[in-house]
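Below is one structure, written out as structure tokens, with a few remarks after it.
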Amino acid sequence: MKKLFLLLFTAIGCWLNVGNGCAQITKPSLHVEGRQLVDDKGHVVLLHGVMDTPNVYFNGRRWGDYWGYPDEAVEPCIAYFDKLYTALTDNSQGAYCDVFRLHLDPCWTNDPTKPRIPLSEGNDGSEANISQFSEARLQKFFSSLYIKLIEKALAHGLYVVVRPPGVCPPTIQVGGEYQQYLLKVWDIVSKNVDMQRYAGRVSIELANEPVKLVDANGKETARACHDFFQPIVDKIRANGFDGIIWVPGTGWQANYRSYASYPITGHNIGYAVHAYVGWYGNEDKNANGETFIRQFGESVPVVKTNPVIITEVDWSPEKEGTGHYNEHGEWVVANYGTWATGTTSHWGNAYKAMMDYYGNISMTLSGTGCYLDIDKYLNNGIVAPAFVADMQANGLDPNEACSKACFDWYKDYAQANIDHQQPFTRDDSVVVSISAEKPSFTIMPNGSLPINIVATYRSGRKADVAWKCDYAVDNNGVVTIADSWLHANGNGKVKITATYKDEKGNEAETSFEVDVTMFPLTTESFDPRIWESGTFDEATHTLITGQWGFGGWRYSNPLDLSGYRYLIVKLKKKSTAHPSFRLFDENSYWTGACENDMTDKTEIAIDLHNMKKTKDGQTLTCDPSHIYIAGFWSFGGSPIEIEGVYVSDDGHTASAIADVIAKQHESDSFIYDLSGRRVSADKSSLKKGIYIRNGHKFIIK
């Protein structure tokens, strides 16, 4: 039956274009729902492919050698890319690409007869200089070349992401030359009737690798990214293009923090990100999935609200030869033909763990040659991963490069997309029950966590339906839910009920608890590798740091401990690692910390309002109102068994609900929050939430 379905699916999705004799595969139209890409049937879709640019130099002069890119260069270019598309989608030989990132290369859109002059935003680099940009050439070649390349890609079953000509200059400004340039580019492209016709299968990436972005006054502000890109989005929509728009961040597309406060508004919005070895706190030598997940979520918080596509990523092992400097000015040693140097068994697997964790990230490798052995295909018709022969000749496993790894990954992801899209019987569609991934979750204040709600259908089929559920939270002051993500607002425990309704109107529900706590001893929250490699055993709460290493908690929004008197740190037994519990009131591990020695101790009480730190040889006050990092430093190599870390008003007992309720017999006019923190004696001054007075809970609505 499955084979029959696949044959039918292929037949239905294909149609014969008599004009050019090409069998064209029409992919389902895609749009954005919540944080996912979905097709017109509501199935979640993840895309995996490559990027490339129609430039004779970057294409190895395989389709000719032209100066000025005249009209006669168009057909050889189209023919070459048609061959690439054929290879990239040849499932019979193991290639499973379904998306292609297409660069509107400035070699076609620049007028070589125009003078090349430096401009005020510093865009005098080869691809960043826009002084030779020609609107006429973009209009001409978008119709005669780029639409043809797009149509060929669609014919081979590839979605297309279109990026603008060139790269961003070092600094771009709201109202500046480069914003005006992008407005012109996307005005021309989005008005094209074919581009509008293919919306849903063709998407737009607004810019490539902004580095620094400033507002109209030249300041780096939280609104700058929004104010730069929102007018471009609005222009594209006003012109009638309704497809997905991918918005870049700064820092070479690695920093999206400002969008958490000032997101791009409108429908069908996603974010385009880049990822290379060394980014997001992961070098090849210390790459770790948990760290990658955490650091990526902090740098790219929009992954929790919108779909993301990583439009540049690659890696291959070190090789003798000459290296290069990357975007950050860091030296990258030579490798087998990629921009970044690393291995699948270290960085690549950590990267994949991050993608699979978030579940809404698509990707394109940084070039066709990072995936495919292009010359082997052109010369012999054999579709194979790049770098294999060269790596084997040097005694290396080809799986250590992105090429072979992605041949395997893309096949698995393609099968997952097919499984999501196959038609269902009635029993496949009737829900019997739903259940949360686990009965309870622990999360830090101001933190976020994805929810997985699995539906079981009458046939036994299971599917994650978290993004389709309705949620009831018994205290929104502690936790809210948006797009199937938990967002912690305050300390305490809440019960959440999820309700799912299938296509026939049948309902199922499940409940789970969420504990928002400052110092959770869970693998999701506790990072044993803040400095040097370390391990953490959640079952036993045991930390082992690397030599002179540090493990603990990072807070994307600083923790406010100023309402408490003491912080209690307890160990199960003395540690030979000479541990020191440290608190940082600045968002850097190297800014000095309040250090509290625990050598030969199992418990300490830290006076939060009398903390000191040493910075640049000076003794300074450590402010408890904004703690960014907390945890244990040690000599390393020996276990630190943690009993718990909690706030206290008397230096001995925890300030928590149980402690407040335990005082029911006392006459206490004060009101406490769910953390046991004294907040007020006057109800009228309270915000919405649950509070405690005289041992009894009450609600402010």
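The values are calculated or read from the model by the stated rules, or taken from the named source; none is laboratory data. What you see is a predicted model, and the numbers here were worked out from it, not measured in a lab. A quick note on method: Cβ atoms are made from the backbone with ideal geometry, for glycine too, and the neighbour counts reach across all protein chains shown. We work out accessible area using only protein heavy atoms, side chains counted, and drop any ligands, DNA or RNA first. Shrake-Rupley method; radii C 1.70, N 1.55, O 1.52, S 1.80 Å.
Worth pointing out:
- Filter pass, Y325 being open to solvent by 10 Å² or more (accessible area, probe 1.4 Å) and in contact (Cβ under 8 Å) with a residue 24 or more places away in the chain: no
- Qualifying residue in region 84-104 (condition: of a type in the set (K, R) and open to solvent by 50 Å² or more (accessible area, probe 1.4 Å)): no
- Qualifying residue in region 330-338 (condition: more than 28 Å from R163 (Cα to Cα), part of a loop (DSSP other than H, G, I, E, B) and charged (D, E, K, R)): no
- Taking region 537-625 and the strands (runs of 3 or more DSSP E) fully enclosed by it, no element has 3 or more residues that are among the polar types (S, T, N, Q) and in contact with an Asp or Glu (Cβ under 8 Å, 6 or more places away or on another chain).
- Hey, I443 modelled with pLDDT under 95, surrounded by 17 or more Cβ atoms within 10 Å (Cβ to Cβ) and either over 26 Å from the mean Cα position of the chain (by Cα) or over 17 Å from G505 (Cα atoms) (or both) or not: yes
- Selected residue (only one of Y351, Y325, Y357 is within 20 Å of the chain's Cα centre (by Cα) and at pLDDT below 95): Y357
- The set of residues in region 183-217 being open to solvent by less than 40 Å² (accessible area, probe 1.4 Å), closer than 23 Å to I172 by Cα and more than 28 Å from the chain's Cα centre (by Cα) consists of D187, I188.
- Residue list for region 339-366, filter: open to solvent by less than 20 Å² (accessible area, probe 1.4 Å) and part of a helix (DSSP H, G or I): T344, W347, G348, A350, Y351, M354, M355, Y358
- In region 119-130, the residues that are at negative phi form Cβ pairs under 8 Å with partners that are assigned to a loop (DSSP other than H, G, I, E, B) and modelled with pLDDT under 70, at six or more places apart or across chains, as follows: A128/G122; N129/N123; I130/N123.
- Residue match in region 390-411 (condition: of a type in the set (D, E), touching a residue at least 12 places away in the same chain (Cβ under 8 Å) and out of contact with any Gly (no Cβ under 9 Å at 6 or more places or on another chain)): no
- Considering only residues in region 76-125 that are at pLDDT below 95 and β-branched (V, I, T), the one that is nearest to T311 (Cα to Cα) turns out to be I117.
- All told, G249 falls short of being farther than 26 Å from N110 by Cα, open to solvent by less than 10 Å² (accessible area, probe 1.4 Å), modelled with pLDDT of 95 or more and of a type outside the set (S, T, N, Q).
- Within region 279-297, considering residues that are assigned to a loop (DSSP other than H, G, I, E, B) and either among the aromatic types (F, W, Y) or in contact with a strand residue (DSSP E or B) (Cβ under 8 Å, 6 or more places away or on another chain) (or both), the one most open to solvent (accessible area, probe 1.4 Å): N286
- Residue within region 545-564 that is over 17 Å from F635 (Cβ atoms), in contact (Cβ under 8 Å) with a residue 24 or more places away in the chain, over 31 Å from the mean Cα position of the chain (by Cα) and open to solvent by less than 20 Å² (accessible area, probe 1.4 Å) present: yes
- Here the condition is being charged (D, E, K, R) and open to solvent by less than 20 Å² (accessible area, probe 1.4 Å); of D375, D314, it holds for D314 alone.
- Total residues in region 21-43 satisfying the condition of being modelled with pLDDT under 90, within 18 Å of the chain's Cα centre (by Cα) and in a strand (DSSP E or B): the figure is 1.
- Candidate set: region 68-83, residues that are touching a Lys or Arg at 6+ places or on another chain (Cβ under 7 Å) and touching a residue at least 60 places away in the same chain (Cβ under 8 Å); chosen: the one surrounded by the fewest Cβ atoms within 10 Å (Cβ to Cβ): D82
- Complete set of residues in region 471-518 that are outside any strand (DSSP E or B) and in contact with a strand residue (DSSP E or B) (Cβ under 8 Å, 6 or more places away or on another chain): D474, N475, G477, V478, S484, N489, G490, N491, D502, N506, T517, M518
- First in region 603-618 and free of Cβ contacts under 8 Å to residues at least 60 places away in the same chain, second anywhere and of a type in the set (A, V, I, L, M) and assigned to a strand (DSSP E or B), Cβ under 6 Å, 6 or more apart: I604/V569; A605/I568; I606/L567; L608/L567; K613/L620
- One residue from Y457, Y471, Y410 being of a type in the set (S, T, Y) and closer than 21 Å to F296 by Cβ: Y410
- When region 301-311 is filtered for residues that are in a loop (DSSP other than H, G, I, E, B), at pLDDT 90 or above and either of a type in the set (V, I, T) or open to solvent by 10 Å² or more (accessible area, probe 1.4 Å) (or both), only N306 remains.
- Failed condition for Q179, given (1) in contact with a strand residue (DSSP E or B) (Cβ under 8 Å, 6 or more places away or on another chain); (2) surrounded by fewer than 22 Cβ atoms within 10 Å (Cβ to Cβ); (3) in a loop (DSSP other than H, G, I, E, B): (3)
- Extreme residue, most open to solvent (accessible area, probe 1.4 Å), among residues of region 447-503 that are at pLDDT 90 or above and polar (S, T, N, Q): S459
- Number of the exception - G342 against (1) closer than 20 Å to G278 by Cβ; (2) modelled with pLDDT under 95: (2)
- Tallying residues that are at pLDDT below 95, surrounded by 13 or more Cβ atoms within 10 Å (Cβ to Cβ) and outside any helix (DSSP H, G or I) within region 401-430 yields 3.
- Of all residues in region 149-160, those that are small (G, A, S) have Cβ atoms under 8 Å from Cβ atoms of residues that are open to solvent by less than 10 Å² (accessible area, probe 1.4 Å), 6 or more apart or on another chain, in A153/F81; A153/Y85; A153/F100; A153/L102; A153/V160; A155/Y85.
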